[in-house]
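Asker: One structure is given below, represented as C-alpha cells, and several questions about it will come after.
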Amino acid sequence: DTGVSQDPRHKITKRGQNVTFRCDPISEHNRLYWYRQTLGQGPEFLTYFQNEAQLEKSRLLSDRFSAERPKGSFSTLEIQRTEQGDSAMYLCASSWDRDRVRETQYFGPGTRLLVL
Amino acid sequence: LAKTTQPISMDSYEGQEVNITCSHNNIATNDYITWYQQFPSQGPRFIIQGYKTKVTNEVASLFIPADRKSSTLSLPRVSLSDTAVYYCLVGSGGGADGLTFGKGTHLIIQP
C-alpha cells in the first residue's frame with residue numbers, strides 16, 4: 001500500500017501528558033498537511049509543509065502544538081500538555097504541487113486522540 | 001475561500017441514482033470544485049474534480065452549470081457501501097490555505 005499512513009491509529013492519554021503522532025506521506029508528494037476533525041464536523045486545516053518548510057499555521061494551532069517535517073519526508077505533530085478539548089481525529093494529507101491549480105490531497109486514516 | 005452550502009443529510013435506496021447539489025455562489029475564476037467522500041473513522045477520499053460542464057470517472061459524475069454557482073455530484077446505482085459523508089469544496093486545491101471543509105452531506109443508503 002503506497003498511500004498516506006499514520007501512526008498510531010488510536011491514542012488515549014491523560015490530561016497534561018504530551019503526545020506525538022507520525023505521518024508518512026505518499027513518497028513523491030512534496031506537500032503535507034495536518035487537519036483536525038471533531039465529531040460531526042468536517043476536517044479543519046492546522047498546518048502545511050512544502051518539503052521541509054512549514055509555510056502556514058492556522059490560528060487553531062495553539063502554542064502547545066508543534067509540527068515538524070525533517071528532510072521533507074515524514075512529519076510529526078506533537079501536542080504538549082494535552083487538554084480534553086484536544087480530543088479529536090488528527091488527519092494527515094499529502095499532495096504534489098506540479099499542477100497547483102488542480103492540486104488533489106490524499107488523506108491518511110487518521111489518529112484518533114482521546115484525552116481523559 | 002468560497003463557502004459552500006449542501007444538504008445536511010439525504011436518504012436513498014440501493015440501485016437508485018443519487019444527486020447531491022452544492023451551492024457556491026462566490027466561486028472565484030480560478031477555483032475548481034472538488035468532492036470528497038468520508039467513511040466513519042477514515043480520512044476523506046477524493047472522488048471527483050471539475051471546473052465546468054461535466055466530468056465523469058469510474059465512480060461518479062460532476063455536473064457544473066455555466067455560471068458555476070452550483071454543482072451536482074451524481075452517484076449512479078448506489079449500494080449500501082456508498083453510505084458516507086460527502087463534502088463539496090471549492091478552491092485552488094490547497095497550498096497555504098489548506099482545504100476548507102463544511103459539514104458535508106450525510107448520505108444514507110437503505111436496502
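Throughout, read-outs are computed from the coordinates displayed, never taken from laboratory work. Note that the coordinates shown come from a computational prediction; the quantities given were computed from them, not determined experimentally. Note: ideal-geometry Cβ built from the backbone for every residue, glycine included; neighbour counts use all protein chains shown.
Asker: Return a whole-number percent for the relative contact order of chain A, with Cα pairs under 8 Å and 6 or more residues apart as the contact set.
Answerer: Working: 290 pairs, mean separation 41.9, N = 116.
Contact order relative to length: 36 percent.
Asker: Right, another one. In the range A:1-44, whose amide N lies under 20 Å from the spot 7 Å out along Cα-to-Cβ of A:ARG64? List them in ranges.
Answerer: Counting only backbone N, you get A:8, A:10-22, A:34-39, A:44.
Asker: Another question, then. Per residue of B:42-55, count partner chain C-beta atoms within 10 Å of its C-beta, then hand back the mean as an integer.
Answerer: Numbers: counts 6, 16, 10, 3, 6, 0, 0, 3, 1, 2, 0, 0, 0, 0.
Partner Cβ neighbours, averaged per residue: 3.
Asker: Here's another thing I want to ask about it. Using r as the Cβ-Cβ distance of B:GLU14 and B:LYS52, and R0 as 30 Å, what FRET efficiency do you calculate, to the nearest 0.05? Could the numbers behind the result be given before it?
Answerer: Details: r = 32 Å, r/R0 = 1.06.
Step by step, r from the Cβ atoms, then E = 0.40.
Asker: Here is a follow-up. Sorted by average packing, counted as other Cβ atoms within 10 angstrom per residue and highest first, what order do B:23-33, A:9-19 take?
Answerer: On the way: B:23-33: 16.1, A:9-19: 12.9.
In decreasing order of mean packing, B:23-33, A:9-19 become B:23-33, A:9-19.
Asker: To continue, here is another question. Please arrange B:LEU89, B:LEU62 by how many other C-beta atoms lie within 10 Å of their C-beta, fewest to most.
Answerer: On the way: B:LEU89 26, B:LEU62 23.
Lowest to highest Cβ neighbour count: B:LEU62, B:LEU89.
Asker: Further question on the same structure: Between their Cα atoms, which of B:LYS3/B:LYS52; A:LYS14/B:LYS103; A:LYS57/B:LYS52; A:LYS57/B:LYS3; A:LYS14/A:LYS57 are more than 23 Å away from each other? Intermediate results must be reported in sequence, preceding the final value.
Answerer: Values: B:LYS3/B:LYS52 18 Å; A:LYS14/B:LYS103 29 Å; A:LYS57/B:LYS52 32 Å; A:LYS57/B:LYS3 20 Å; A:LYS14/A:LYS57 26 Å.
The answer is A:LYS14/B:LYS103; A:LYS57/B:LYS52; A:LYS14/A:LYS57.
Asker: Determine Rg/Rh for chain B; Rg is computed over alpha-carbon atoms and Rh is the Kirkwood hydrodynamic estimate from the same atoms.
Answerer: Values: Rg = 13.3 Å, Rh = 14.0 Å.
In chain B, Rg relative to Rh is 0.95.
Asker: Taking a virtual spin label 7 Å from the Cα of B:LEU80 along the C-beta vector, which residues in the range B:2-22 bring their backbone nitrogen under 16 Å of it?
Answerer: Only B:12-16 fall inside the zone, counting backbone N under 16 Å.
Asker: Distance in nm between label sites at A:LEU39 and A:THR76, each 7 Å beyond Cα in the beta-carbon direction?
Answerer: Modelled inter-label distance: 3.1 nm.
Asker: Setting aside same-chain residues fewer than 8 positions from B:LYS54, which lysines have a Cα under 18 Å from its Cα?
Answerer: Here the lysines satisfying the reach criterion relative to B:LYS54 are B:LYS69.
Asker: Can you compute the modelled spin-label distance between A:GLU83 and A:THR20, with each label point 7 Å from Cα toward Cβ, in nm?
Answerer: Going by the 7 Å Cα→Cβ label model, 2.4 nm.
Asker: Continuing with the same structure: Per 10 Å bin, what is the whole-percent P(r) computed from every C-alpha pair distance within the protein assembly as shown?
Answerer: Calculated P(r), rounded to whole percents: 8, 33, 34, 20, 5, 0.
Asker: Rank by packing, highest mean first: peptides B:51-59, A:25-33, with packing defined as the count of other Cβ atoms within 10 Å averaged across residues. Display every interim value, and only then the final one.
Answerer: Details: B:51-59: 12.2, A:25-33: 18.7.
Answer by packing, highest mean first, reads A:25-33, B:51-59.
Asker: Extending each Cα 7 Å along its Cβ direction at A:LEU114 and B:ASN26, get the distance between those two points in nm, one decimal.
Answerer: Label-label distance for A:LEU114 and B:ASN26, simple model: 3.9 nm.
Asker: Could you state the per residue volume, in Å³, of the convex hull enclosing the Cα atoms of the range B:1-59? Walk me through the numbers before you get to the answer.
Answerer: Values: hull volume 7.7 nm³, N = 59.
In the range B:1-59, the Cα hull volume divided by residue count equals 131 Å³.
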